[in-house]
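Here is the structure we will look at, set down as structure tokens.
The values are calculated or read from the model by the stated rules, or taken from the named source; none is laboratory data. Because the structure is predicted, anything quoted here is derived from the model rather than measured. Remember, those area values only see protein heavy atoms, side chains included, never the ligands or the DNA or RNA. Shrake-Rupley method; radii C 1.70, N 1.55, O 1.52, S 1.80 Å.
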Amino acid sequence: MSLLTTFALACMLVAVLAFFNGIVSMAHGGPEDQRSSHIWMFKRVAWQALAVLFVLMGALATLQ
């Protein structure tokens, strides 16, 4: 397993954890929980983007 694959899998795992933390935060309700769930969802999107970047880098590395 290459280093890029390890990084991509780690980013995917953190994105899933951020997703579930956002869902749990959203389930509590209230204005503070709404702000917290938005923060978790933005973190999820960032981790997903990083995971996609690592997957693309790994794909490009195998072509060369």
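Some notes on this structure:
- Integer Hz, Karplus 6.51/-1.76/1.60 couplings in order for the range 50-61, x for Gly and Pro: 5, 5, 5, 4, 5, 5, 5, 4, x, 5, 5, 5
- Centroid-to-centroid separation of the range 46-63 and the range 7-32 [C-alpha atoms, Å]: 21
- Where Rh is the Kirkwood radius over Cα pairs, Rg/Rh for the chain: 1.18
- Protein heavy-atom surface of the chain, 1.4 angstrom probe: 76% of the accessible area is carbon and sulfur, with nucleic acids and ligands not counted.
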